[in-house]
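**Q** Handing you a structure now.
The values are calculated or read from the model by the stated rules, or taken from the named source; none is laboratory data. Just so you know, these numbers come straight off a predicted model, no measurement behind them. Glycine gets a Cβ as well: all are built from the backbone with ideal geometry, and neighbour counts include every protein chain shown.
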Amino acid sequence: MKCAAIGNGLFTQTTPEVCRIFLENDHNLPAVKIVYEDLQAQYQSSLTAAVIALNSKRKHASYEVLGYLVEELRDVVTYKTFYKDIEDANIFIGSLIFVEELALKIKVAVEKERERLDAVLVFPSMAEVMRLNKLGSFSMSQLRQSNNPFFQLIIHFYVKQQYSMWSFISSLYAH
């Protein structure tokens with residue numbers, strides 16, 4: 001791992017290279033490349049620790065992880081690197097993407113490779129990027145199908161929650 005002192009994120013002093021973790025694959029393990037985006041640097045430590053732990057066991061796969069802070073994607077050079085990293089990634093993970101300009105940039109990069117990617121996990125974020133979610137054959141669009149049991153469960157709880165909330169609000173004014 002390298003450390004960089006100067007960055008191009010709006011509120012950060014890092015570069016994506018700081019969040020790049022890879023293992024020399026000397027055991028001929030399958031390589032899994034994960035590209036992720038997050039809002040703040042402190043959120044990246046959990047994923048970094050998980051990958052370091054997985055790579056230390058040298059079982060099942062060799063994991064390469066590349067992390068980007070969302071504000072870093074405003075920089076042209078960083079965005080080009082992000083775009084290129086997505087082109088041969090296996091998994092994309094995105095979180096807290098609520099700036100429309102950046103959501104659209106991420107959407108362009110990920111949407112181009114979505115079908116090839118093994119998984120796209122984005123939550124919580126703007127709808128444009130949440131629609132990219134995919135895990136195997138699962139897609140967010142499947143949840144909108146009225147015959148989907150998960151959709152029925154959500155509707156049931158939503159209606160129940162709304163009724164419960166309305167009852168609570170009504171009780172506040174029932175003096």
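**Q** Only one residue in I86, I93 is in a helix (DSSP H, G or I), closer than 18 Å to Q44 by Cα and in contact (Cβ under 8 Å) with a residue 24 or more places away in the chain, so which one is that?
**A** That would be I86, the only listed residue that is in a helix (DSSP H, G or I), closer than 18 Å to Q44 by Cα and in contact (Cβ under 8 Å) with a residue 24 or more places away in the chain.
**Q** Kindly indicate whether L102 is part of a loop (DSSP other than H, G, I, E, B) and modelled with pLDDT of 90 or more.
**A** No: the conditions fail for L102.
Here's the yes/no breakdown for (1) in contact with a helix residue (DSSP H, G or I) (Cβ under 8 Å, 6 or more places away or on another chain); (2) at pLDDT 90 or above:
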| residue | (1), (2) |
| --- | --- |
| H27 | no, no |
| K33 | yes, yes |
| Q40 | no, no |
| K59 | no, no |
| A89 | yes, yes |
| F98 | no, yes |
| K107 | yes, yes |
| E113 | yes, yes |
| R116 | no, yes |
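**Q** Residue by residue through segment 61-84, note down the ones that are among the acidic types (D, E) and buried (at least 20 other Cβ atoms within 10 Å of the Cβ).
**A** E64, E72 - these are the residues of segment 61-84 that are among the acidic types (D, E) and buried (at least 20 other Cβ atoms within 10 Å of the Cβ).
**Q** D38: within 17 Å of the chain's Cα centre (by Cα) and either surrounded by fewer than 20 Cβ atoms within 10 Å (Cβ to Cβ) or without any contact (Cβ under 8 Å) to a residue 60 or more places away in the chain (or both), yes or no?
**A** Considered against the rule, which asks whether it is within 17 Å of the chain's Cα centre (by Cα) and either surrounded by fewer than 20 Cβ atoms within 10 Å (Cβ to Cβ) or without any contact (Cβ under 8 Å) to a residue 60 or more places away in the chain (or both), D38 comes out as yes.
**Q** Then there is this: Quick one: which residue in F123, F92, F98 is assigned by TED's automatic domain parsing to the domain that holds V32, more than 16 Å from E72 (Cβ to Cβ) and aromatic (F, W, Y)?
**A** Going through F123, F92, F98 in turn, the sole match is F123.
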